[in-house]
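Any read-out appearing in this document is the output of simple, stated calculations on the displayed coordinates, not a laboratory observation. The structure presented is a predicted model; accordingly, all values stated were derived computationally and were not measured. Cβ atoms come from the backbone with ideal geometry, glycine included; neighbour counts cover every protein chain shown.
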Amino acid sequence: MKANLVKFIFIIAITLFTINTSAQKFSGKITYISKAKMDLGSWGARLSEARKKQVAARLKNRLEKTYILSFNSIAATFLEEEKIDAVASATDSWGGYFSRGDQYKNIKEGTLVQAQEFYGKRFLVKDILYRIDWTLGTETKKIGQYTCYKAKAFVPATELNWYNFSWSDLNTDEEESAKGPEEKMIIVEAWYTPQIPIAQGPAEFWGLPGLILEVSAANTTLLCTEIVLNKEKTVTIEAPDKGKEITKKEYTTTVRSKMVEMRNNRMGRRG
């Protein structure tokens, strides 16, 4: 056990040195698939298995997605692969408002830029890139041809879900306001490879001594399915630049205010 720990520390030390000296040569594109478990809550518990399958099929475009991470040693974009699904679009239009927008993160400057659309308006969310406090482990596994190491962290739910909403959030917000502020933390498990010495990763995840090839948080897992590296030249990464500039907190407030307005209008019509 002690020998494994010494070996692990040595590998990480060499990796950190490599990142500082040769990571400038690395750039590329990584394809990830995102799979989320369906949580229907107390309402879903009353459904038959056949009905649950029907609901899962209807929500498949939200539960399973494909993303592309384009990166160099400094910056990365994380974009959803476009899919044309007329049926899903027709039945899941409200959920479309809460999809992850085009994301740009600059790990050198510590900045995040994300394009979001809501209710016909385009927003450009600009904020500080949240720095994750990772705990490195010695457990390993293979993802493709790469040896990956496990890391864990506790991340505030607000940092992972600031762009994602549901009607139940409104009741939760009201209950939490009555109780007082209490930050909900989410357990994150990541697998990174020192063989690709870039401190990048999909979505909000970054900051490990190697590229993150798999990461799980709450009920969602992002798994690398394809890697294309370019060691000869650095790919230029550009941030989205259109939309009303706003912070994450301001965007969350804006969306929830609109949701409250719509809920109140709907209840008023019923009355």
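How much length would be gained if the chain were fully extended between Lys141 and Ser257, taking 0.36 nm per residue of separation minus their Cα-Cα distance, in nm to one decimal? Each step should come with its number before you reach the end.
Details: separation 116, 0.36 × 116 = 41.76 nm, distance 4.49 nm.
Full extension from Lys141 to Ser257 adds 37.3 nm.
Tell me, Kirkwood radius of region 197-271 from alpha-carbon pair distances, in Å?
17.0 Å
Short version: ³J(HN,Hα) in whole Hz for each residue of region 233-248, in order, from phi by Karplus 6.51 cos²θ - 1.76 cosθ + 1.60 (θ = phi - 60°), x for Gly and Pro, what are they?
Result, ordered by residue: 9, 8, 6, 7, 10, 10, 7, x, 9, 10, x, 6, 5, 7, 8, 4 Hz.
Could you calculate the FRET efficiency of Lys233 with Arg266 from 1/(1 + (r/R0)^6), where r is the beta carbon distance between them and R0 is 51 Å, rounded to 0.05?
0.40
Using mean Cβ contacts within 10 Å as the protection proxy, how do 202-211, 111-120, 249-258, 139-148 order, highest first?
Averaged packing, sorted descending, gives the order 202-211, 111-120, 249-258, 139-148.
Taking amide H atoms as placed 1.01 Å from N in the peptide plane, list the residues 5 or more away in sequence, or in a different chain, whose amide H sits under 5 Å from that of Asp102.
HN-HN under 5 Å from Asp102: Ala115.
What is the local net charge at Thr111, summed over the other residues whose Cβ is closer than 10 Å to its Cβ (Lys, Arg +1; Asp, Glu -1)?
That works out to +1.
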